[in-house]
Amino acid sequence: MLRANNIRKSFGDTQVLRDVSVNISRGEVVAIIGRSGSGKSTLLRCLNHLETIDSGSILIGGQAMVTTVDGHAQYASEKALRGLCLKMGMVFQDYNLFPHYSVLKNLVMPQRMVLGRSRQEAEQYAMELLAKVGLSDKAAQYPCNLSGGQQQRVAIARALAMDPEILCFDEPTSALDPQLTAEVLAVIRQLAVEKRTMIVVTHEMNFARDVADRVIYMAGGEVVEDGPAKDVLGSERSEAIRAFAGEASY
Amino acid sequence: MQYFNNPQALLRLITAMQDGFANTLIIFFATLVFSIPLGMVVALLRMNRRRIISAPISLYILVMRGTPLMLQIFAVYFAVPMLLGVNFDRLYATILAFSLNYAAYFAEIFRGGMLSIPVGQHEASQVLGLTRAQTFFHIVLPQVLKRVLLPVSNEVITLVKDTSLANVIAVSELFRAAKNEASRTASIEPLFVAGLFYLIMNGVVTLVFGYLNRKLSYYKE
Ligand SMILES: Nc1ncnc2c1ncn2[C@@H]1O[C@H](COP(=O)(O)OP(=O)(O)OP(=O)(O)O)[C@@H](O)[C@H]1O
Ligand SMILES: [Mg+2]
């Protein structure tokens, strides 16, 4: 489904990703954990073409978004990139809803502009998705009138409206208090049950252990561990993970 | 007192000044119509990553904001015909100078507005697959308009009063008409009547911006 090989990325002199390789299969839920600054967000942003990589390759559904020729990253054409990025969905830490649109229009406008759906079709689908995230009654509201948890659930619905094949989350709950966090995690959990392919950067260890099929532990811009959640976070977990997670969270 | 205690004389004075007032309105509206879109284009060019585009635009903004508008009016009216060999109507020259000058101010206001839109809005748009043009017109621009309303209203109020500068190349606008009447009748009252006109115009401008502000407050950021 998604294959990223030997990704390197620097900001100026600091190398943020050193030779990162990640494979995601269809229907898999992958949690990415790691200390602050380990490159988790950067990796996710590279996969969504919000950052350009220095070298390596990214294939989405077998199609190359970027490959490396003679040590230099070569991206696909702008048109191909747009098509590939549409297969990816992204939910940001700070929601990034469009404040001047109602909740409904946040979901409807991209469907119409990008996918060319009719108003009726787009609105019907939007209402279905709002029901799914438990916000049917907020369709006419503006984002500023919603709680953080509600805004994040709208953002998830908006991403789903574009029918992405892989949905990425960058710390979707780290701006929320525990109760709102639970609301949002419940939605993601439901999506996992539906076998959606997801990559979730998170600091919620319990959530990663319960919901993810696989856990990737990053440190210093490298993938240090990559395996089934029950191995990486289970009772057999490594010293590194023990130190990272802190025994208190178990 | 010749006018303020004599309604008939006042009416005659106003009639004598009405052509001047009409020209003032023409300069005002024409400048807005040209300078606001031009300002938006200048702002976008100023933000272009290529220095070969942004540097000359910076220079343009520096010159327009850094020299007196009065001088710019002279320059357009006298210097441009000398260089290009075409003669300008005084009113057109005024409108051209005003539009070029105000576009520079509006450009900086719009640029500030665009820079204040969180980068997340662009990233969300990109991730959803919107093109850059769609992002600009549907996501960025509407939010910028709300944010720049206050500084734009400041400029528009200044513009109302700046129209009087057109009298330096003998355009018969409101202030010049008032001055003529003042010297003809050896009274300063016509100047105060003109002042009242500017004040009323700005009262209307204030009302219009108040209305726009209410219209745009259907959401908060
Ligand atoms: N645009 C940028 N310019 C320069 N350095 C950057 C930029 N973005 C990230 N970095 C640096 O790259 C490193 C990795 O950042 P990244 O945001 O990927 O970490 P993270 O694992 O997501 O951390 P967190 O858990 O705090 O979100 C950090 O050292 C950060 O300072
Ligand atoms: Mg991060």
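Bear in mind these aren't lab numbers, they're just calculated from the coordinates by the rules spelled out. The shown structure was predicted, so the numbers you read here are calculated from the model rather than taken from an experiment. Note that we place each Cβ from the backbone using ideal geometry, even for glycine, and neighbour counts take in every protein chain shown.
Points worth noting:
- At most 10 other Cβ within 10 Å, DSSP loop - trypsin sites (Lys or Arg not before Pro), region A:85-132: none
- Here the Kirkwood formula, the inverse mean of 1/r across different C-alpha pairs, assigns region B:7-215 a hydrodynamic radius of 19.1 Å.
- For chain A, the tally of Lys pairs with Cα-Cα distances below 28 Å comes to 19, considering only residues 8 or more apart or on different chains.
- Inter-part distance where region A:63-78 and region B:171-221 are each reduced to a Cα centre, Å: 60 Å
- Each of B:127, B:48, B:104 was placed along the dipole of region B:20-146 (beta-carbon charges, centred on the mean Cα), and the one lying farthest toward the positive end is B:127.
- Each Lys and Arg contributes +1 and each Asp and Glu -1, all at the Cβ; summed about the Cα centre of chain A, the dipole is approximately 660 debye.
- Share antiparallel - DSSP beta bridges, chain A, percent rounded to 5: 60 percent
- Chain A: radius of gyration and largest Cα-Cα distance (Dmax), Å: 18.3, 55
- The mean of 1/r over all pairs of different alpha-carbon atoms in the protein assembly as shown, once inverted, gives a Kirkwood hydrodynamic radius of 26.5 Å.
- Entry note, chain A: relative contact order of 25 percent, from Cα contacts under 8 Å with a spacing of 6+ residues.
- Computed per residue of chain B from DSSP H runs no shorter than four, each worth -39500 (n - 2.57), the mean residue ellipticity at 222 nm is -25000 deg cm²/dmol.
- Listed residues A:140, A:27, A:199: farthest to the positive end of the dipole of chain A (Cβ charges): A:140
- In chain A, helical runs assigned H by DSSP with n ≥ 4 each contribute -39500 (n - 2.57); averaged across all residues and rounded to the nearest 500, the mean residue ellipticity at 222 nm is -11000 deg cm²/dmol.
- In order through region B:77-94: 3J(HN,Hα) via Karplus (6.51 cos²θ - 1.76 cosθ + 1.60), integer Hz, x for Gly, Pro: 6, 9, 6, 4, x, 5, 6, 9, x, 10, 9, 9, 5, 4, 5, 5, 4, 4
- Charges were assigned to the Cβ only: +1 to each Lys and Arg, -1 to each Asp and Glu. The resulting dipole of region B:7-215 about its Cα centre is roughly 560 debye.
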